[in-house]
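Written below as structure tokens is the structure these notes are about.
The values are calculated or read from the model by the stated rules, or taken from the named source; none is laboratory data. Here the structure is a predicted model, which means the values were calculated and not measured. Methodologically, a virtual Cβ is constructed for each residue, glycine included, from the backbone with ideal geometry; neighbour enumeration extends over all protein chains shown.
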């Protein structure tokens, strides 16, 4: 891969193969053509490696992804991608005009801030642990919030003129980096996606690109059978 990094220090991504948040960052790195090293953090082994002291020193929140770059460690996927956009602006993942940037950020946050936090691993573990919900109840929770969030996203992308081949115009960007991993996770829990034709059309356009194919969970070195 080519690189336009500003430091000779290798870029290191700490993530887990099925983490949708880590996948967003893999996508951004790939779309920008940046070279990086992968540091797997297994979210299930031994109670979760993200809870071990060595990882908590990188991210006291105990979440992936974390990106070591330019002599610092960054956390939170959208903040990481915004940093990449500001320090390595080409190819751009955000439009140039303020209204377009606000729209793309809004679409991305619909997924990353409103939808995903309600059904990520630690939420499902809490529902099944302290709250003692059965698997079907947890899956019903998951499917409800996925359907609610994706319906809103479908309505926006289907109805707004700035939607193109991708979420915004005809080049992939920040919102697409959020959409594709979320649809992958929805399928894992047998969520019905027939009502979201615009999302599926955009996903298909994304998956035809090398960066999306290379970033897929099954192609990561730590890929395995664990749910």
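Please count how many residues of region 216-227 are assigned to a helix (DSSP H, G or I) and crowded, with 17+ Cβ neighbours inside 10 Å. Explain how you work it out, then say what you get.
Taking region 216-227 as the starting set, the residues that turn out to be assigned to a helix (DSSP H, G or I) are 217-219.
If we keep only those that are crowded, with 17+ Cβ neighbours inside 10 Å too, we end up with 217.
Total satisfying the criteria: 1.
Filtered by the rule that a residue be buried (at least 22 other Cβ atoms within 10 Å of the Cβ) and out of contact with any helix residue (DSSP H, G or I) (no Cβ under 6 Å at 6 or more places or on another chain), region 129-171 gives 142, 150. Only one of the numbered conditions (1) under 19 Å from residue 21 (Cβ atoms); (2) surrounded by fewer than 12 Cβ atoms within 10 Å (Cβ to Cβ); (3) in contact (Cβ under 8 Å) with a residue 12 or more places away in the chain is violated by residue 185, and that is (2). The combined condition, being in contact (Cβ under 8 Å) with a residue 60 or more places away in the chain and surrounded by 16 or more Cβ atoms within 10 Å (Cβ to Cβ), is not fulfilled by residue 66. Among the residues of region 34-63, those that are touching a helix residue (DSSP H, G or I) at 6+ places or on another chain (Cβ under 7 Å) and either assigned to a helix (DSSP H, G or I) or crowded, with 19+ Cβ neighbours inside 10 Å (or both) comprise 36, 41, 43, 49, 55, 63. If you go through region 64-73 one residue at a time, do you hit one that is under 20 Å from the mean Cα position of the chain (by Cα), part of a loop (DSSP other than H, G, I, E, B) and either outside the structural domain of residue 157 (by TED's automatic domain parsing) or modelled with pLDDT of 95 or more (or both)? So far as region 64-73 goes, yes, one or more of its residues are under 20 Å from the mean Cα position of the chain (by Cα), part of a loop (DSSP other than H, G, I, E, B) and either outside the structural domain of residue 157 (by TED's automatic domain parsing) or modelled with pLDDT of 95 or more (or both). Put simply, of 171, 175, 151 the only residue that is part of a loop (DSSP other than H, G, I, E, B), assigned by TED's automatic domain parsing to the domain that holds residue 107 and under 19 Å from the mean Cα position of the chain (by Cα) is 171.
Restricting attention to region 100-126 and to residues that are farther than 14 Å from residue 175 by Cβ and surrounded by fewer than 19 Cβ atoms within 10 Å (Cβ to Cβ), the residue that is farthest from the chain's Cα centre (by Cα) turns out to be 126. Report whether or not residue 90 is in contact (Cβ under 8 Å) with a residue 60 or more places away in the chain and not in a helix (DSSP H, G or I). Considered against the rule, which asks whether it is in contact (Cβ under 8 Å) with a residue 60 or more places away in the chain and not in a helix (DSSP H, G or I), residue 90 comes out as yes. Restricted to region 190-215, and to residues there that are free of Cβ contacts under 8 Å to residues at least 12 places away in the same chain and under 17 Å from the mean Cα position of the chain (by Cα), the residue that is surrounded by the most Cβ atoms within 10 Å (Cβ to Cβ) is 213. For region 76-87, does any single residue satisfy the condition of being within 30 Å of residue 9 (Cα to Cα), surrounded by 19 or more Cβ atoms within 10 Å (Cβ to Cβ), in contact (Cβ under 8 Å) with a residue 12 or more places away in the chain and in the same structural domain as residue 192 (by TED's automatic domain parsing)? No: zero hits.
The rows are residues; the columns are (1) over 17 Å from the mean Cα position of the chain (by Cα); (2) within 23 Å of residue 173 (Cα to Cα); (3) at pLDDT 95 or above.
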| position | (1), (2), (3) |
| --- | --- |
| 58 | yes, no, no |
| 61 | yes, no, no |
| 85 | no, yes, yes |
| 91 | yes, yes, yes |
| 132 | yes, no, no |
| 135 | yes, no, no |
| 140 | yes, no, no |
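Taking the stated definitions as given, is residue 28 touching a strand residue (DSSP E or B) at 6+ places or on another chain (Cβ under 6 Å), not in a loop (DSSP other than H, G, I, E, B) and not assigned by TED's automatic domain parsing to the domain that holds residue 209? Considered against the rule, which asks whether it is touching a strand residue (DSSP E or B) at 6+ places or on another chain (Cβ under 6 Å), not in a loop (DSSP other than H, G, I, E, B) and not assigned by TED's automatic domain parsing to the domain that holds residue 209, residue 28 comes out as no.
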